[in-house]
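Just below is one structure, and these are the notes that go with it.
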There are 2 protein chains.
Amino acid sequence: MTISPSDKRLSHAPEPPYMAVIFTSIQNDGPLDGYSQTAEDMVRLAAEQSGYIGYESAHDRDGTGITVSYWENEASIKKWKQQADHMTAQKAGRNKWYRAYITRIARVDRHYAFENT
Amino acid sequence: MTISPSDKRLSHAPEPPYMAVIFTSIQNDGPLDGYSQTAEDMVRLAAEQSGYIGYESAHDRDGTGITVSYWENEASIKKWKQQADHMTAQKAGRNKWYRAYITRIARVDRHYAFENT
């Protein structure tokens, strides 16, 4: 079953299986120079990659962020990881913005949705 | 590789494969009676279930929430979905708190971590 949510904060979801990259991060204290601009740029750039489906993101006031991006297959994830501007952003993340993060690559086997109509 | 993050906002992660339940929700506007207490209760209750590994959660000011819980296998996820108090909470979520949500069940194939030391 395909899910096409009307609320754009939820990602479109094709018939499973498809892939998810779960990126959970803890920000450093202090100013995060350039973070917002880079985050915006990466969202735009990811959307241009082949195999991109969509993403969902939430950032807590305590510095925890979770971004899940969805992809058609492993190959598109590997290509995105190696994309030049994205690699620069990943490096800046480690050097400046993040105290710690975990990235998990997962295959979505099933999904279900609720929408209050 | 097992990941044992020192920051407790990140979940412990065993050697893959393991399972992830990605729950992305959009809250209703207005008061969310009982939501915080139920959310706390569910975190505590999940931790008592067999096969539970850990969870990560972030809630945006715009009402988007992402909670990812990690489980050893499919069977433990199915059992948790059917747990009585959890079913009551799911129903309250649909009736009172959430405008929309998507739940995705995924198998984590690989993961990597960064920690600034």
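For region B:8-30, the tally of residues that are polar (S, T, N, Q), assigned to a loop (DSSP other than H, G, I, E, B) and more than 18 Å from B:Tyr112 (Cα to Cα) stands at 1.
Looking only at residues of region A:36-49 that are exposed (fewer than 13 other Cβ atoms within 10 Å of the Cβ) and of a type outside the set (A, V, I, L, M), we find that the one that is farthest from the other protein chains (Cβ to nearest Cβ) is A:Glu48. Among the conditions (1) modelled with pLDDT under 95; (2) in contact with a strand residue (DSSP E or B) (Cβ under 7 Å, 6 or more places away or on another chain), the only one that B:Met1 does not satisfy is (2).
One residue stands out in region A:91-117 among those that are surrounded by fewer than 18 Cβ atoms within 10 Å (Cβ to Cβ) and in a helix (DSSP H, G or I): the one that is farthest from the other protein chains (Cβ to nearest Cβ), namely A:Ala92.
Among residues of region A:50-70 being at the interface with chain B (Cβ under 7 Å from one of its Cβ atoms) and in contact with a Leu (Cβ under 9 Å, 6 or more places away or on another chain), the one that is surrounded by the most Cβ atoms within 10 Å (Cβ to Cβ) is A:Glu56. A:Asp33 fulfils the conditions (1) more than 13 Å from every other protein chain (Cβ to nearest Cβ); (2) not in a loop (DSSP other than H, G, I, E, B) except for a single criterion, (2). Among the candidates A:Ile77, A:Ile66, A:Ile102, the residue that is among the β-branched types (Val, Ile, Thr) and out of contact with any Ser or Thr (no Cβ under 8 Å at 6 or more places or on another chain) is uniquely A:Ile77. Of all residues in region A:1-29, those being among the hydroxyl-bearing types (Ser, Thr, Tyr), facing another protein chain (nearest Cβ under 9 Å) and more than 25 Å from A:Ile102 (Cβ to Cβ) number 1.
The values are calculated or read from the model by the stated rules, or taken from the named source; none is laboratory data. The model shown is predicted, which means the values in this text are computed figures rather than measured ones. No Cβ is skipped: glycine too gets one built from the backbone with ideal geometry, and neighbour counts run over all protein chains shown.
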